[in-house]
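Undergrad: This is the structure, below, for whatever I ask next.
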């Protein structure tokens, strides 16, 4: 009992009396721990955060109708049940119909325009996205053909099918009944792809234009998941008895895989090297602080202290310093990771509680190890020599 | 006397000075490695992002534009096309060095066993020897890196004499029962060609229903000798800023001469497009938004991320160094007390200690720079399979950083030294 009391007294006394030195040691440990917890948090968070950035490349999964049918909203919704809701960034179904604009054939797509903004964030729209019925988004090529500007109006004509269900043939062109609808152009978009030859309107307007509710031809999905997870979702959907088949957009998934793995490897290596060097820095500072106390070790040995008790005391100090420094560092590190996340990705991260004991453990280990080396060398020396000052 | 004491301190307290030098070297190596990686990560990621394929497409000025301009109201489609002989000029533009790959395309439809299929002629690994002396293998082998070759292999233009080879899309091949090594006979109004199937590819897109062949074979079949339908260009670009957006929106003509010069001489995707249009007659070069925009976005994020990690590690190594310097000066209070007791002035003691530490710092910093070089190369080779370019500007940054950090680290120690009362220290309290 008495021995324990003495032990505690010696540790606290040395911490309090040698305040400035201990502050130096604590600071060193806290800095090391901050870097450790900050970088590890970032390392774990980067794939998720970057994965979201990669969704800029647009849809990475598509649903197509099975054999010659059409997709219904119910089928799509059922397919979506196989994918965790939080992972779905957007799902835009498209219904393509041919229309004529001033006697020229064009493709019009009826879709959910707010979802398109999510699945194809790279569309560069001059003007605004349509928000109410009767508004239309026009591809750059179509717009330049008819010299359209945002705010202009344009008329789409849809050939009503003849009773036998086939579109009118060429020689009856004159008599083909058409349904005309006038739309207000809200925006003109360019993508650098085929979409520039199309016009986009809402599903409701498409139904009004064609006079019938038709199914969708394709649905584009943007899902934030790794390519293995995506393949899993696609297989799960295909194995269900829904009349649709899902497949991955290889160009997007494959390339994302390549780039993301490089990025992760980069952050991993950087983290490893920074940690290694920081730990060595912490160790040398601790060594300097402890080496200073060789005289104290010698004195205590001369008074009859055993090697074990001396090592125990230094370890106790190291434990305390490492624990406090680690605790301090794990919170500072989280603050740093949070700052990075907010500044770089505009989103916050969750606090990993497991990192607190981990950081503390590593700091205790590093401090303990770096204390032991100089103490051991002090113990090995004859106390008389140390005290004499050689 | 000053120098003798300096020499004495440096050599007699060897182990202590080595420890300081080691810590400074570690800090310096960390700073060097991180700064170099930070400056180079943009270029490296840019290269990696090339797996997404071309970011610029070049097409002929469409007939509709011509019709609109000159009121030529005749045929539906005037077959505008690009000229094959002008292809090489792409590598002569101002930013030629940033053009990493490109491929021309000719599209046509042909009948195969009575069914209509889409045929695409292009380059695969076409060898280009440029007038500048540069050599380049251009083509879709790298522009379509995500294609999965299921059976057989990519068309190898450099090792096959015949241009009568083809690759068939997986979906089409399944329907027709075609395997690598088979021969498919394609027929158009311009004749027929028997093509040997080199491989079956799975592209996960519309291409799975198409046949890809060499440029020459497709030109013969479509009757478009010497003509091209489109060109895809993969270029390293700088993320857009306000100037680039303004140029893209209002046209280069809206820029002031000074702005124009800056814009033209920066590798924005819009300025590269503009330069391509200058060399390829009657062409429109447009960025592929899906690739070009996302690229800029991801690069920006990666660079910002690396900058923040670099700042953290710089702060860490700075604190580490100044900490050690403080600790090591503190432990010499005895010696300093003695110096003061025999009549040294504060300024002299400070000067001596600072010189000692700075000499150690310069030595450690130099070693650290080369260590950092090593670390940067390890990272470069492991992650990107290429070495990290060492920017000369890193050297002064690291040097200034080390000096400032050691000086700041010495401040608490110097203040302590000046407050030190020799009698107290020597007495041993």
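Undergrad: If you go through region A:192-204, how many residues are out of contact with any strand residue (DSSP E or B) (no Cβ under 7 Å at 6 or more places or on another chain) and closer than 21 Å to residue B:206 by Cβ?
TA: Looking only at that region, the number is 2.
Undergrad: Collect the residues in region B:278-297 that are facing another protein chain (nearest Cβ under 7 Å) and either more than 32 Å from the chain's Cα centre (by Cα) or outside any helix (DSSP H, G or I) (or both), keeping them in residue-number order.
TA: Correct list: B:286, B:287, B:288.
Undergrad: Looking at the structure I just gave you, is residue B:404 surrounded by fewer than 22 Cβ atoms within 10 Å (Cβ to Cβ), in contact with a helix residue (DSSP H, G or I) (Cβ under 6 Å, 6 or more places away or on another chain) and farther than 30 Å from residue A:260 by Cα? Please lay out each step first, then the result.
TA: Working: surrounded by fewer than 22 Cβ atoms within 10 Å (Cβ to Cβ): yes; in contact with a helix residue (DSSP H, G or I) (Cβ under 6 Å, 6 or more places away or on another chain): no; farther than 30 Å from residue A:260 by Cα: yes.
Criteria not met by residue B:404.
Undergrad: Let me ask you something else. Based on this model, can you work out whether residue B:300 counts as under 21 Å from the mean Cα position of the chain (by Cα), within 14 Å of chain A (Cβ to nearest Cβ) and either surrounded by 20 or more Cβ atoms within 10 Å (Cβ to Cβ) or more than 30 Å from residue A:337 (Cα to Cα) (or both)?
TA: Working: under 21 Å from the mean Cα position of the chain (by Cα): yes; within 14 Å of chain A (Cβ to nearest Cβ): yes; either surrounded by 20 or more Cβ atoms within 10 Å (Cβ to Cβ) or more than 30 Å from residue A:337 (Cα to Cα) (or both): no.
So residue B:300 does not fit the description; no.
Undergrad: How many of the residues making up region B:310-321 are in contact (Cβ under 8 Å) with a residue 60 or more places away in the chain and crowded, with 24+ Cβ neighbours inside 10 Å?
TA: So the first thing to find is which residues in region B:310-321 are in contact (Cβ under 8 Å) with a residue 60 or more places away in the chain, and the list is B:310, B:313-314, B:316-318, B:320-321.
Narrowing the set further to residues that are crowded, with 24+ Cβ neighbours inside 10 Å leaves B:313, B:316-317, B:320-321.
Residues that pass the stated criteria total 5.
Undergrad: Hey, another quick one. Considering region A:260-287 alone, what residues qualify as being in contact (Cβ under 8 Å) with a residue 24 or more places away in the chain, closer than 17 Å to residue B:318 by Cβ and within 8 Å of chain B (Cβ to nearest Cβ)?
TA: Matches in region A:260-287: A:274, A:278, A:281, A:282, A:284, A:285.
Undergrad: Continuing with the same structure: Under the condition of being within 14 Å of chain A (Cβ to nearest Cβ) and more than 16 Å from residue B:35 (Cβ to Cβ), which residue from region B:362-385 is farthest from the chain's Cα centre (by Cα)?
TA: Top of the filtered list is B:364.
Undergrad: Report yes if residue B:356 is assigned to a helix (DSSP H, G or I) and without any contact (Cβ under 8 Å) to a residue 24 or more places away in the chain, otherwise no.
TA: Values: assigned to a helix (DSSP H, G or I): yes; without any contact (Cβ under 8 Å) to a residue 24 or more places away in the chain: no.
In short, no.
Undergrad: Sticking with this structure for a sec: So residue A:246 passes all but one of these: (1) touching a strand residue (DSSP E or B) at 6+ places or on another chain (Cβ under 8 Å); (2) surrounded by fewer than 21 Cβ atoms within 10 Å (Cβ to Cβ); (3) within 14 Å of chain B (Cβ to nearest Cβ). Which condition number does it fail?
TA: Answer for residue A:246: the failing condition is (2).
Undergrad: Does any residue of region A:162-183 turn out to be at pLDDT 85 or above, surrounded by 14 or more Cβ atoms within 10 Å (Cβ to Cβ), over 18 Å from residue A:104 (Cα atoms) and away from chain B (no Cβ under 14 Å)?
TA: In the first step, residues of region A:162-183 are kept if they are at pLDDT 85 or above; the result is A:180-183.
Those left that are additionally surrounded by 14 or more Cβ atoms within 10 Å (Cβ to Cβ): A:181, A:183.
Of the ones still in play, those that are also over 18 Å from residue A:104 (Cα atoms) are none.
No.
Undergrad: Within region B:332-348, take every residue that is in contact (Cβ under 8 Å) with a residue 24 or more places away in the chain and at the interface with another protein chain (Cβ under 10 Å from one of its Cβ atoms) and give me the one that is farthest from residue A:280 (Cα to Cα).
TA: Step by step, filter region B:332-348, then rank; the result is B:334.
Undergrad: Looking at region B:137-149, which of its residues are in contact with a strand residue (DSSP E or B) (Cβ under 8 Å, 6 or more places away or on another chain) and either more than 14 Å from chain A (Cβ to nearest Cβ) or over 24 Å from residue A:259 (Cβ atoms) (or both)?
TA: Hits for region B:137-149 are B:137, B:138, B:139.
Undergrad: Condition (residue is surrounded by 16 or more Cβ atoms within 10 Å (Cβ to Cβ), free of Cβ contacts under 8 Å to residues at least 60 places away in the same chain and in the same structural domain as residue B:185 (by TED's automatic domain parsing)) applied to region B:222-235: is it met by at least one residue? Explain how you work it out, then say what you get.
TA: Taking region B:222-235 and keeping what is surrounded by 16 or more Cβ atoms within 10 Å (Cβ to Cβ), we get B:222, B:224, B:227-235.
Those left that are additionally free of Cβ contacts under 8 Å to residues at least 60 places away in the same chain: none.
No, because not a single residue in region B:222-235 is surrounded by 16 or more Cβ atoms within 10 Å (Cβ to Cβ), free of Cβ contacts under 8 Å to residues at least 60 places away in the same chain and in the same structural domain as residue B:185 (by TED's automatic domain parsing).
Undergrad: Then there's this: Would you pick out the residues in region B:230-246 that are within 14 Å of chain A (Cβ to nearest Cβ) and more than 25 Å from residue B:103 (Cβ to Cβ)? Don't jump to the end; show me each part of the working.
TA: At the first step, the residues of region B:230-246 found to be within 14 Å of chain A (Cβ to nearest Cβ) are B:230-235, B:237, B:239-240, B:244-246.
Scanning region B:230-246 gives B:244, B:245, B:246.
Undergrad: Could you please find all residues in region B:385-405 being at pLDDT below 85 and not in a loop (DSSP other than H, G, I, E, B)?
TA: B:405
Undergrad: Further question on the same structure: How many residues does region A:231-243 hold that are at pLDDT 85 or above and in contact with a helix residue (DSSP H, G or I) (Cβ under 6 Å, 6 or more places away or on another chain)? Lay out the reasoning, then the answer.
TA: Filtering region A:231-243 down to residues at pLDDT 85 or above leaves A:231-239.
Applying the additional criterion that residues be in contact with a helix residue (DSSP H, G or I) (Cβ under 6 Å, 6 or more places away or on another chain) yields A:237.
Adding up the residues that qualify gives 1.
Undergrad: Also, quick follow-up: Name the one entry in B:199, B:204 that is crowded, with 17+ Cβ neighbours inside 10 Å and within 14 Å of chain A (Cβ to nearest Cβ).
TA: Criteria check complete, one pass: B:204.
Undergrad: Right, here's the next one. If you go through region A:103-146, how many residues are without any contact (Cβ under 8 Å) to a residue 40 or more places away in the chain and either within 9 Å of chain B (Cβ to nearest Cβ) or within 17 Å of residue A:207 (Cα to Cα) (or both)? Lay out the reasoning, then the answer.
TA: Keep residues of region A:103-146 that are without any contact (Cβ under 8 Å) to a residue 40 or more places away in the chain, which gives A:103, A:105, A:114-115, A:117, A:132, A:144.
Keeping just the survivors that are either within 9 Å of chain B (Cβ to nearest Cβ) or within 17 Å of residue A:207 (Cα to Cα) (or both) gives A:132, A:144.
Summing the residues that are without any contact (Cβ under 8 Å) to a residue 40 or more places away in the chain and either within 9 Å of chain B (Cβ to nearest Cβ) or within 17 Å of residue A:207 (Cα to Cα) (or both) in region A:103-146 gives 2.
Undergrad: A further question on this structure: Residues that are in the same structural domain as residue A:47 (by TED's automatic domain parsing): find the helices (runs of 4 or more DSSP H) completely inside region A:220-321 holding 1 or more of those. Talk me through it step by step, then tell me what you get.
TA: Working: elements: A:227-239, A:250-291, A:294-302.
Ranges flagged: A:250-291, A:294-302.
Undergrad: If a residue has to be free of Cβ contacts under 8 Å to residues at least 40 places away in the same chain and within 30 Å of residue B:405 (Cβ to Cβ) to count, how many in region B:285-309 make the cut?
TA: Number satisfying all stated conditions: 4.
Undergrad: Filter region A:42-90 for residues that are within 14 Å of chain B (Cβ to nearest Cβ) and assigned to a loop (DSSP other than H, G, I, E, B); which is surrounded by the fewest Cβ atoms within 10 Å (Cβ to Cβ)?
TA: Step by step, filter region A:42-90, then rank; the result is A:67.
Undergrad: Given the structure, is residue A:39 at pLDDT 85 or above and either in contact with a helix residue (DSSP H, G or I) (Cβ under 7 Å, 6 or more places away or on another chain) or at the interface with chain B (Cβ under 10 Å from one of its Cβ atoms) (or both)?
TA: Working: at pLDDT 85 or above: yes; either in contact with a helix residue (DSSP H, G or I) (Cβ under 7 Å, 6 or more places away or on another chain) or at the interface with chain B (Cβ under 10 Å from one of its Cβ atoms) (or both): yes.
When the stated conditions are applied, residue A:39 passes them.
The values are calculated or read from the model by the stated rules, or taken from the named source; none is laboratory data. It should be emphasised that the depicted structure is a prediction, and the values quoted were computed from it without experimental measurement. Ideal geometry is used to build each Cβ from the backbone, glycine not excepted, and the neighbour counts take in all protein chains shown.
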